[in-house]
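> One structure coming up, written as structure tokens, with questions to follow.
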Amino acid sequence: MSDFLSAGRLEDHPFAELSGLIFQQSRTGELSLESGNRRRSVWFLGGNPVAVVSSDPQDHLAQFLLEHGKIGDDDARRLADLPETREALASTSLLPKETLNWGVKSRFVNLCYDLFRWEDGDYSFREGDPPRELFLLKVPAHSLIFKGVGLLGQAAVFDAAPDDAVCGAGPVSPADARYLGPEALRLLEQCQPGRTVA
């Protein structure tokens, strides 16, 4: 296990770096993150993220479906009382199967993407299999990391895949798109021939 993966500060090792390392090492376990009053856990299986757990009512599937117009207020209140487990959600008559599948996948991806923006707080990683009652999704870690880094709004370099440094350049303004500024040049110098530049 890496010296810093077991526990540390997000200021020193952001989510993109942690998830990249877990992917590189094909680890299975729970990455717990806490920033202010926000707490979230991401479960990994063989290095790939498979589930996100949050106790925040704003992160509940019911709130997510309500905000996206998939359910109404009454159904959202009833759904919010259910635990976010396969058994509880699959057995409810409140959601068609297609809506449930869309909601679980979209919620998972959006909660993961949000973690790329957490700039401070604590984290810890512990080995172990994901709980069987969770919905487990197959999301390639490298795809999640590439997209997440792009949401940061600034250039960054992460070792997201074995022997492959990833340069994630955030959104580029029209003025900056015409030339490489000093920061972009420094970023480019860190990338070696044959490695991916995103």
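The values are calculated or read from the model by the stated rules, or taken from the named source; none is laboratory data. Just so it is clear, the structure is predicted and the values come from calculations on it, not from any experiment. Positions of Cβ are backbone-derived with ideal geometry, glycine not excepted, and every protein chain shown enters the neighbour counts. With ligands, DNA and RNA removed, areas are computed over all heavy atoms of the protein, side chains included. Shrake-Rupley method; radii C 1.70, N 1.55, O 1.52, S 1.80 Å.
> Let me spell it out: the conditions are (1) farther than 25 Å from K97 by Cα; (2) without any contact (Cβ under 8 Å) to a residue 60 or more places away in the chain; (3) acidic (D, E), and E34 meets all of them except one. Which number is the exception?
(2)
> Please identify the pairs in which a residue from segment 124-144 that is farther than 24 Å from S35 by Cβ has its Cβ atom under 7 Å from the Cβ atom of a residue that is assigned to a loop (DSSP other than H, G, I, E, B), counting only partners at least 6 apart or on another chain.
Here the result reads D129/T28; E133/T85; L136/P130, each pair linking segment 124-144 to a residue that is assigned to a loop (DSSP other than H, G, I, E, B).
> Scan segment 61-74 and give yes if some residue there is touching a helix residue (DSSP H, G or I) at 6+ places or on another chain (Cβ under 7 Å), on the phi < 0 side of the Ramachandran plot, open to solvent by less than 40 Å² (accessible area, probe 1.4 Å) and at pLDDT below 90, otherwise no.
Yes: one or more hits.
> If I ask for residues that are of a type outside the set (D, E, K, R) and open to solvent by 60 Å² or more (accessible area, probe 1.4 Å), which ones from segment 34-52 would you list?
G36, N37, L45
> Can you tell me how many residues in segment 76-88 are under 10 Å from Q63 (Cα atoms) and open to solvent by less than 90 Å² (accessible area, probe 1.4 Å)?
The qualifying residues number 3.
> Specify the residue that is most open to solvent (accessible area, probe 1.4 Å); the eligible residues are those in segment 100-129 that are on the phi < 0 side of the Ramachandran plot and assigned to a loop (DSSP other than H, G, I, E, B).
E119
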